[in-house]
1. Have a look at ILE314, ILE349, ILE292 and point out the one that is away from the ligand (no atom under 16 Å from the Cβ) and surrounded by 21 or more Cβ atoms within 10 Å (Cβ to Cβ).
2. On the basis of being out of contact with any strand residue (DSSP E or B) (no Cβ under 8 Å at 6 or more places or on another chain), in contact (Cβ under 8 Å) with a residue 24 or more places away in the chain and surrounded by 14 or more Cβ atoms within 10 Å (Cβ to Cβ), does ILE35 make the cut?
3. Just name the residue that is nearest to ARG25 (Cα to Cα) out of those in region 66-86 that are open to solvent by less than 30 Å² (accessible area, probe 1.4 Å) and at pLDDT below 95.
4. Contact list please: Cβ distance under 7 Å, first residue in region 398-410 and farther than 17 Å from GLY421 by Cα and in contact (Cβ under 8 Å) with a residue 12 or more places away in the chain, second residue open to solvent by less than 80 Å² (accessible area, probe 1.4 Å) and part of a helix (DSSP H, G or I), pairs at least six apart or on different chains.
5. Can you find even one residue in region 5-23 that is open to solvent by less than 50 Å² (accessible area, probe 1.4 Å) and among the small types (Gly, Ala, Ser)?
6. Mind listing whichever residues of region 331-346 are part of a loop (DSSP other than H, G, I, E, B) and within 16 Å of the ligand (Cβ to nearest atom)?
7. Identify, please: which residue in region 164-178 is in a helix (DSSP H, G or I) and closer than 19 Å to LEU132 by Cα and is, among those, least open to solvent (accessible area, probe 1.4 Å)?
8. Just a yes or no: is a residue in region 321-330 among the charged types (D, E, K, R), in contact (Cβ under 8 Å) with a residue 12 or more places away in the chain, open to solvent by less than 30 Å² (accessible area, probe 1.4 Å) and within 16 Å of the ligand (Cβ to nearest atom)?
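The values are calculated or read from the model by the stated rules, or taken from the named source; none is laboratory data. Here the structure is a predicted model, which is why all the values come from computation and not from measurement. Note that each Cβ is placed from the backbone with ideal geometry, even for glycine, and that neighbours are counted across all protein chains shown. Quick note on the areas: whole protein, heavy atoms, side chains included, nothing else; ligands and nucleic acids left out. Shrake-Rupley method; radii C 1.70, N 1.55, O 1.52, S 1.80 Å.
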Amino acid sequence: MKTPSKKTDVYWNPIIETLPLERLRELQVRKFKKIMKWAYDKSKFHRKLYQEAGLKPGDIKSLKDVSKVPKVEKAMMRDIQRKDPFPYGDALCVPLEEVTEFRQTSGTTGTPVYQPDTWQDWEWWAECWAYLLYAQGYRKTDRVFLPFGYNIFVAFWAGHYAAEKVGCEVVPGGVLDTEARILKIQELRATAMMATPTYVLGMADTARKKLGIDPARDLTIRKITCAGEPGASIPSTKKRMEETWGAKVYDHVGATEIGAWGFECTEQPGGLHINEAMFLVQLEDIETGEIIEEPGRKGKIIITALDRIAQPCIQFDSKDVAQWSKEPCPCGRTFRVIQGGIVGRADDITKIKGVLLAPSAIEEVVRSIKGLSNEFEVVVTKKGDLDDITLKIEFLPEEEKNREAILTQLKDQLRLKTNLGYNIEVHPFNSLPRYEVKAKRFKDLRKHG
Ligand SMILES: [Zn+2]
């Protein structure tokens, strides 16, 4: 019997994931030219975009040339939709009858955008996810539970197929309610699951309070893959999830119109690898547009899905903000790491009282303080000419007695981590909104008066 080498046991694709950087960049440029030519030849939308910029696919010879290629924003995709070929519009690069999957974006930032995929694209989705699940230790011996509503949002659909591709056994927890899902996990001794951080914490609450089940003690989930919100890359939220479930919690990033483009590996390097064999990511300075190569400097993610064909994603301005990590990851992958995952949205990073604030910094503080519930809400308003920021929190019932000490700790930490003073509003336990999918805890009301 052959013993698998250490390498084949660590990587989904040992050759690609350890490719020397120079060859990885060559591969990306080659694939970029190919997908740009495809879009230029097959879609009116892209051809017009490139012709107006005076660019042909043959003009792209290096990564530097890529930054000349016009960017596509979500609003542009919204504008072409519901037109011919209905309902996708003229960014579609395949005959309509080749489309096998319909999905749409969640619409948290406006009208939803439709996303067509061919069967080849769907297999590509599963391959993106296979890299990430394998990197997070999913193997044939895992029984994976998916506690999510299978519907028009892509969410964990591709995670489901990829878990099968990797060889896991998959349990679809679709229309079950939270209690039934927890009981099914217990009954089947599921070993892994995928959910948003908000739901991971919400499930644990329900398990303890309604069922008397302690997830860490009574359940066998040992790996959790998160998506949809930044929580699993925020150290205090990650720690809270890991302790509650007695499991390793891993982050991943993806989007309907992009694909699953980044993942945390079992080394948990404090950041996410970009799947650079399937995506090209460039970080662009938010103010100057300059491409950022050095670590530690924040920029906006401009991303290309290198192999997606039905409605290509080329030079997409994701509005997500990230920074390159200083150190290569100990896992040996040459895929670059973004430090701390997505650190904000270009639209959300906002100036309050003259200070730049990323809402995730407030989450980091609230979730690091023992005695507060997982829920909170931030409301920014204007009082006269001055910005006013209110943080709504809840105490855990058993911690009410330590109220003053907790409040002092909270105010100190907020001042230290965000350089801002807040009005703190204490709300009764369980009264702030609970979210099952994407939480909306940051409300900036200044623009709307
Ligand atoms: Zn790694």
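1. Step by step, each of ILE314, ILE349, ILE292 is checked, and only ILE314 is away from the ligand (no atom under 16 Å from the Cβ) and surrounded by 21 or more Cβ atoms within 10 Å (Cβ to Cβ).
2. Working: out of contact with any strand residue (DSSP E or B) (no Cβ under 8 Å at 6 or more places or on another chain): no; in contact (Cβ under 8 Å) with a residue 24 or more places away in the chain: yes; surrounded by 14 or more Cβ atoms within 10 Å (Cβ to Cβ): yes.
It is false that ILE35 is out of contact with any strand residue (DSSP E or B) (no Cβ under 8 Å at 6 or more places or on another chain), in contact (Cβ under 8 Å) with a residue 24 or more places away in the chain and surrounded by 14 or more Cβ atoms within 10 Å (Cβ to Cβ).
3. Here the residue is MET77.
4. Taking only residues 6 or more apart or on different chains, the pairs are GLU399/ILE406.
5. Initial filter on region 5-23 (open to solvent by less than 50 Å² (accessible area, probe 1.4 Å)): 10-11, 13-14, 16-19.
Now restrict to residues that are among the small types (Gly, Ala, Ser): none.
No, region 5-23 contains no residue that is open to solvent by less than 50 Å² (accessible area, probe 1.4 Å) and among the small types (Gly, Ala, Ser).
6. If we filter region 331-346 for residues that are part of a loop (DSSP other than H, G, I, E, B), which is where we start, we get 331-336, 340-343, 346.
Result: CYS331, GLY332, ARG333, THR334, PHE335, ARG336, GLY340, GLY341.
7. Ranking the qualifying residues of region 164-178, first place goes to VAL166.
8. First pass over region 321-330, keeping only residues among the charged types (D, E, K, R): 326-327.
Now narrow it down to the ones that are in contact (Cβ under 8 Å) with a residue 12 or more places away in the chain: 326-327.
Among the residues that remain, those that are also open to solvent by less than 30 Å² (accessible area, probe 1.4 Å) are: none.
No, region 321-330 contains no residue that is among the charged types (D, E, K, R), in contact (Cβ under 8 Å) with a residue 12 or more places away in the chain, open to solvent by less than 30 Å² (accessible area, probe 1.4 Å) and within 16 Å of the ligand (Cβ to nearest atom).
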